[in-house]
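A.B. asks: I'd like to ask some things about the structure below.
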Amino acid sequence: MSAPPKRLAIAHKSPPIVLKEVYDLRFDEKDRAAKDAIWKELGKFFQRYIKPGSRVIDIACDEGYFIRNVQARERWATDIRAVESSLPSDVRFVRASGLDLADVITNDYFDLAFFSNYLEHLPSTEAVLQQLRVAFALLKPGGRVLILQPNIRLVGGKYWDFIDHQTALTEKSLAEASRMAGFETRQVIARFLPYTTKSRLPQSAALVRAYLAFPPAWLLLGKQTLYLGEKPAS
């Protein structure tokens, strides 16, 4: 099975909000450095979900905080923005809307698809379901989807503090949509990470490691859900 080129640009519609402008305003250099430090530790945690020899795709990757900090046989990243300059040279980048990926990347190819803080930006529950079906198509039988997602039941009104948030999800609606897309639920951690990297999650590597190693702290500070689903093997 042949793979698409390492760097691939796909024609796409412009998003309704200029994402670069939003993120440049929301995260300054200090914030980005803090996110980098946090994600180095999160990458070590998420490595447990990546089997040896896996092909991994980070959908709506932003600046690649996840994909830069995990190891895999093949690392892929996609985003509607041209963010390839933020990625290591071995990461295969595809510039495209996440909703279009099944039309531009080989299907039944990946072992793990990852989303982080993405589905809430989609315009409707129908779009969320469509995106999950796209991920299902990209994965090999037995492949898994890993989703890190703010949970409106835990966040409350602060969910809408970000102008680009459009669709609200809880751990139950996320699991339901994933089942509708064909996934079998393997794990749901309703309370995992704080809402944003500007939250009370400790910023130093040692404190982040300690937080991740101590699940009772998740019950106090966790506002984001971690969901793991699997595409049936047959």
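The values are calculated or read from the model by the stated rules, or taken from the named source; none is laboratory data. Because the structure is predicted, anything quoted here is derived from the model rather than measured. Cβ sites come from the backbone with ideal geometry, for glycine too, and all protein chains shown count toward neighbours. Calculation scope for accessible area: heavy atoms of the full protein, side chains included, ligands and nucleic acids excluded. Shrake-Rupley method; radii C 1.70, N 1.55, O 1.52, S 1.80 Å.
A.B. asks: Within the range 54-81, how many residues are without any contact (Cβ under 8 Å) to a residue 40 or more places away in the chain and in a loop (DSSP other than H, G, I, E, B)?
C.D. replies: 6
A.B. asks: Keeping to the range 175-189, report how many residues are closer than 13 Å to T125 by Cβ and in contact with a Gly (Cβ under 9 Å, 6 or more places away or on another chain).
C.D. replies: Qualifying residue count for the region: 2.
A.B. asks: Tell me the residue from L87, L119 that is in contact with a Cys (Cβ under 9 Å, 6 or more places away or on another chain) and modelled with pLDDT of 95 or more, please.
C.D. replies: L87
A.B. asks: In the range 99-135, what count of residues is obtained for those that are of a type in the set (S, T, N, Q) and farther than 16 Å from D58 by Cα?
C.D. replies: The number of residues fulfilling the criteria is 3.
A.B. asks: Still on this model: For the range 195-222, name all the residues that are modelled with pLDDT of 90 or more, in a loop (DSSP other than H, G, I, E, B) and either open to solvent by less than 40 Å² (accessible area, probe 1.4 Å) or hydroxyl-bearing (S, T, Y) (or both).
C.D. replies: G222
A.B. asks: Within the range 22-43, can one find any residue that is assigned to a loop (DSSP other than H, G, I, E, B), surrounded by fewer than 21 Cβ atoms within 10 Å (Cβ to Cβ), at pLDDT 95 or above and within 16 Å of the chain's Cα centre (by Cα)? Write out each step before concluding.
C.D. replies: Start the filter on the range 22-43 by keeping residues that are assigned to a loop (DSSP other than H, G, I, E, B), which leaves 27-28.
Still in the list and also surrounded by fewer than 21 Cβ atoms within 10 Å (Cβ to Cβ): 27-28.
Add one more test, that the residue is at pLDDT 95 or above, and what stays is none.
Checking the range 22-43: not a single residue is assigned to a loop (DSSP other than H, G, I, E, B), surrounded by fewer than 21 Cβ atoms within 10 Å (Cβ to Cβ), at pLDDT 95 or above and within 16 Å of the chain's Cα centre (by Cα).
A.B. asks: When you go through (1) surrounded by fewer than 18 Cβ atoms within 10 Å (Cβ to Cβ); (2) part of a helix (DSSP H, G or I) one by one for S89, which number turns out not to apply?
C.D. replies: (2) is the only condition that S89 fails.
A.B. asks: Please work out if A72 is open to solvent by 10 Å² or more (accessible area, probe 1.4 Å), farther than 18 Å from D36 by Cα and of a type in the set (G, A, S).
C.D. replies: The answer is yes for A72.
A.B. asks: Can you find even one residue in the range 93-105 that is polar (S, T, N, Q) and without any contact (Cβ under 8 Å) to a residue 40 or more places away in the chain?
C.D. replies: For the range 93-105, residues polar (S, T, N, Q) and without any contact (Cβ under 8 Å) to a residue 40 or more places away in the chain: absent.
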